[in-house]
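Peer 1: Could you have a look at this structure, given as structure tokens, before my questions?
The values are calculated or read from the model by the stated rules, or taken from the named source; none is laboratory data. Since we're looking at a predicted model, the values are computed, not measured. Note: ideal-geometry Cβ built from the backbone for every residue, glycine included; neighbour counts use all protein chains shown. Accessible surface areas use protein heavy atoms only, side chains included; no ligands, DNA or RNA. Shrake-Rupley method; radii C 1.70, N 1.55, O 1.52, S 1.80 Å.
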Amino acid sequence: MSREQLFGLVTGVLFGFLLQKGRVLRFDKQVGAMLLKDMTIFKFMLSAILVGMVGITLLADAEVITLSHKSMNLGAVLVGGGLFGAGWAVMGFCPGTSIGALGEGRWHAAFAVVGMVLGAAIYAELYPFFQKTVLAWKDFGKIGLPDALGISRWIIIPVFWAITLLLFFWFEKKQV
Amino acid sequence: MKWKTEDGGWSPYLAGALVGLLAIASAYATTQWLGKTSYLGASTTFVRAAGLLERPMAPDHVEQSEYFTKTKVRVDWQFLLVLGIFLGALAASAVDRSFKLEAIPPTWARRFGRSVGKRAVWAILGGIVAMVGARMAGGCPSGHGLSGMMQLSVSAFVALGMFFGAGVLVAALVYGRRSS
């Protein structure tokens, strides 16, 4: 095993461990979030984002790591995001959690995995077509919110923290 | 707010915050020791898995495919990360005894019954649509939802909004109120 693979494996084991302890691997948690009845997924993801964005931004500011924005291609993100959401609701798993769900014995997640591998193969076949259509509409490039808005990241991050913490207090008050 | 849930799990705030620390540590470690910053993600691995499965059957086809060429069909850092998720979840669920063999998700069973065949068909169809969407958007709830949001990427805010927006709409249509 190469060093690259070993790093990936160790990170993945820790990631899978935390996903499982946070109880976010379950179909019922994911569909529960989409039915707005169980906020576990939101609490988990937003907590990760709050902590992660501070550290990632500090390290990027210090030029220790490099940011890698994904393209803000309008058609890709809107149409692709909508398709993903629709499929996610029916399947009840996202790509990472489907594999984790298999690990905790929910073997029906294997059907979701099969579907997603098929979906990836289909996307590879349709890619030339999408390049001429959906992907060709408008591409704003790899942009970050601070540049897009012209506002410092050290203003955006505290505002994001404040809004998210208010949301957390509301979740706890509502007991969801 | 409790740090532990009744079934031995951890508070989602705690587990989530630790994932935030893991993402920071991983970005630092991959830059220092692998020479390139890697961020948590999962959906590209499904493309590589599809390529690896297709290659023995149709090597020329995979060779000539623009998308497989762009994505590079190989067992890379993220591929092992995804395999690691399986092992980590297995270990965590074995330790706290939440491991459970389950043929049908309870929420699904309440709405659509206990047919494994029916669940399989819908999960596969949902999986196809979701993965076409994830690859088009350039990421999934890990790549866009966690890693993109941590970097304040514009695409992540829009993608995550679309993921949940469409998800809420379709979930309401599919599971309706009878699942409550």
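Peer 1: Regarding segment B:36-48, can at least one residue be identified that is part of a helix (DSSP H, G or I), open to solvent by 20 Å² or more (accessible area, probe 1.4 Å), within 7 Å of another protein chain (Cβ to nearest Cβ) and free of Cβ contacts under 8 Å to residues at least 60 places away in the same chain? Can you show your working first?
Peer 2: Just the residues of segment B:36-48 that are part of a helix (DSSP H, G or I), to begin with: B:43-48.
Subsequent filtering for residues that are open to solvent by 20 Å² or more (accessible area, probe 1.4 Å) retains B:44, B:48.
Now drop any that are not within 7 Å of another protein chain (Cβ to nearest Cβ), which leaves none.
The answer is no; no qualifying residue exists.
Peer 1: Mind checking which pairs have a first residue in segment B:81-93 that is open to solvent by 10 Å² or more (accessible area, probe 1.4 Å) and a second that is aromatic (Phe, Trp, Tyr), Cβ under 7 Å, 6 or more apart or different chains?
Peer 2: B:ALA91/A:PHE17
Here's the yes/no breakdown for (1) among the aliphatic types (A, V, I, L, M); (2) touching a helix residue (DSSP H, G or I) at 6+ places or on another chain (Cβ under 8 Å); (3) over 14 Å from B:PHE46 (Cα atoms):
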{"site": "B:GLY84", "(1), (2), (3)": "no, yes, yes"}
{"site": "B:LEU90", "(1), (2), (3)": "yes, yes, yes"}
{"site": "B:ARG97", "(1), (2), (3)": "no, no, yes"}
{"site": "B:TRP108", "(1), (2), (3)": "no, yes, yes"}
{"site": "B:ALA120", "(1), (2), (3)": "yes, yes, yes"}
{"site": "B:VAL132", "(1), (2), (3)": "yes, yes, no"}
{"site": "B:MET136", "(1), (2), (3)": "yes, yes, no"}
{"site": "B:MET162", "(1), (2), (3)": "yes, yes, yes"}
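Peer 1: Report whether or not A:LYS43 is of a type in the set (Lys, Arg) and not in a loop (DSSP other than H, G, I, E, B).
Peer 2: yes
Peer 1: Okay, moving on. Yes or no: segment B:147-168 includes at least one residue that is of a type in the set (S, T, N, Q), free of Cβ contacts under 8 Å to residues at least 40 places away in the same chain, crowded, with 24+ Cβ neighbours inside 10 Å and in a helix (DSSP H, G or I).
Peer 2: yes
Peer 1: If the Cβ limit is 6 Å and pairs must be 6+ apart or interchain, which residue in segment B:95-107 that is at the interface with chain A (Cβ under 7 Å from one of its Cβ atoms) pairs with which residue that is of a type in the set (S, T, N, Q)?
Peer 2: The qualifying pairs are B:PHE99/B:SER93; B:THR107/B:SER179.
Peer 1: Name every residue in segment B:107-135 that is under 21 Å from A:LEU35 (Cβ atoms) and in a loop (DSSP other than H, G, I, E, B), in order of residue number.
Peer 2: Across segment B:107-135, the qualifying residues are B:GLY113, B:ARG114.
Peer 1: Okay, next question. Just to be sure I understand, how many residues within segment A:102-114 are more than 7 Å from chain B (Cβ to nearest Cβ) and either closer than 26 Å to B:SER153 by Cα or open to solvent by less than 10 Å² (accessible area, probe 1.4 Å) (or both)?
Peer 2: Qualifying residue count for the region: 1.
Peer 1: Here's a follow-up. Which of the following residues is closer than 24 Å to B:LEU83 by Cα, outside any strand (DSSP E or B), under 21 Å from the mean Cα position of the chain (by Cα) and not hydrophobic (A, V, I, L, M, F, W, C): A:GLY96, A:GLY141? Break it down stepwise before answering.
Peer 2: Numbers: A:GLY141 fails: closer than 24 Å to B:LEU83 by Cα.
Result: A:GLY96 is the single residue among A:GLY96, A:GLY141 that is closer than 24 Å to B:LEU83 by Cα, outside any strand (DSSP E or B), under 21 Å from the mean Cα position of the chain (by Cα) and not hydrophobic (A, V, I, L, M, F, W, C).
Peer 1: Test A:LYS138 against the stated conditions and say whether it is touching a residue at least 24 places away in the same chain (Cβ under 8 Å) and either more than 30 Å from B:ILE104 (Cα to Cα) or surrounded by fewer than 14 Cβ atoms within 10 Å (Cβ to Cβ) (or both). Explain how you work it out, then say what you get.
Peer 2: Working: touching a residue at least 24 places away in the same chain (Cβ under 8 Å): yes; either more than 30 Å from B:ILE104 (Cα to Cα) or surrounded by fewer than 14 Cβ atoms within 10 Å (Cβ to Cβ) (or both): yes.
Criteria met by A:LYS138.
Peer 1: Go through segment A:58-78 residue by residue and tally those that are part of a loop (DSSP other than H, G, I, E, B) and within 7 Å of another protein chain (Cβ to nearest Cβ). Don't jump to the end; show me each part of the working.
Peer 2: Step one: list which residues in segment A:58-78 are part of a loop (DSSP other than H, G, I, E, B), which gives A:62-72.
Going one step further and asking which of them are within 7 Å of another protein chain (Cβ to nearest Cβ), we end up with A:64-72.
Within segment A:58-78, residues that are part of a loop (DSSP other than H, G, I, E, B) and within 7 Å of another protein chain (Cβ to nearest Cβ) number 9.
Peer 1: Residues in segment A:144-167 that are of a type in the set (Phe, Trp, Tyr) and over 19 Å from the mean Cα position of the chain (by Cα): how many?
Peer 2: The number of residues fulfilling the criteria is 1.
Peer 1: Sort out which residues of segment A:86-101 are open to solvent by less than 10 Å² (accessible area, probe 1.4 Å), facing another protein chain (nearest Cβ under 7 Å) and either within 17 Å of A:ILE122 (Cβ to Cβ) or free of Cβ contacts under 8 Å to residues at least 40 places away in the same chain (or both), and write them in order of number.
Peer 2: Hits for segment A:86-101 are A:GLY87, A:TRP88, A:MET91, A:PRO95.
Peer 1: Something else about it: Can you name the number of the only condition in (1) open to solvent by less than 10 Å² (accessible area, probe 1.4 Å); (2) more than 30 Å from A:ALA110 (Cβ to Cβ) that A:GLY80 fails?
Peer 2: Condition not satisfied by A:GLY80: (2).
Peer 1: Further question: If I ask for residues that are open to solvent by 90 Å² or more (accessible area, probe 1.4 Å) and within 11 Å of chain B (Cβ to nearest Cβ), which ones from segment A:156-172 would you list?
Peer 2: The initial filter retains those residues of segment A:156-172 that are open to solvent by 90 Å² or more (accessible area, probe 1.4 Å), namely A:163, A:166, A:169-170.
A:PHE169, the sole residue that qualifies.
Peer 1: Next up: So, in segment B:1-23, of the ones that are in contact (Cβ under 8 Å) with a residue 60 or more places away in the chain and crowded, with 20+ Cβ neighbours inside 10 Å, which residue ends up farthest from the chain's Cα centre (by Cα)?
Peer 2: Going through the qualifying residues, I end up with B:GLY9.
Peer 1: Which one of A:GLY81, A:GLY55, A:GLY12 is within 7 Å of chain B (Cβ to nearest Cβ), without any contact (Cβ under 8 Å) to a residue 24 or more places away in the chain and within 30 Å of A:TRP137 (Cβ to Cβ)? Even if it seems obvious, please write down each step before you answer.
Peer 2: On the way: A:GLY55 fails: within 30 Å of A:TRP137 (Cβ to Cβ); A:GLY12 fails: within 30 Å of A:TRP137 (Cβ to Cβ).
A:GLY81 is the lone residue from the list that is within 7 Å of chain B (Cβ to nearest Cβ), without any contact (Cβ under 8 Å) to a residue 24 or more places away in the chain and within 30 Å of A:TRP137 (Cβ to Cβ).
Peer 1: Answer with yes or no whether A:LEU126 is assigned to a helix (DSSP H, G or I), over 16 Å from the mean Cα position of the chain (by Cα), within 30 Å of B:LYS118 (Cα to Cα) and modelled with pLDDT of 95 or more. Don't jump to the end; show me each part of the working.
Peer 2: On the way: assigned to a helix (DSSP H, G or I): yes; over 16 Å from the mean Cα position of the chain (by Cα): yes; within 30 Å of B:LYS118 (Cα to Cα): yes; modelled with pLDDT of 95 or more: yes.
When the stated conditions are applied, A:LEU126 passes them.
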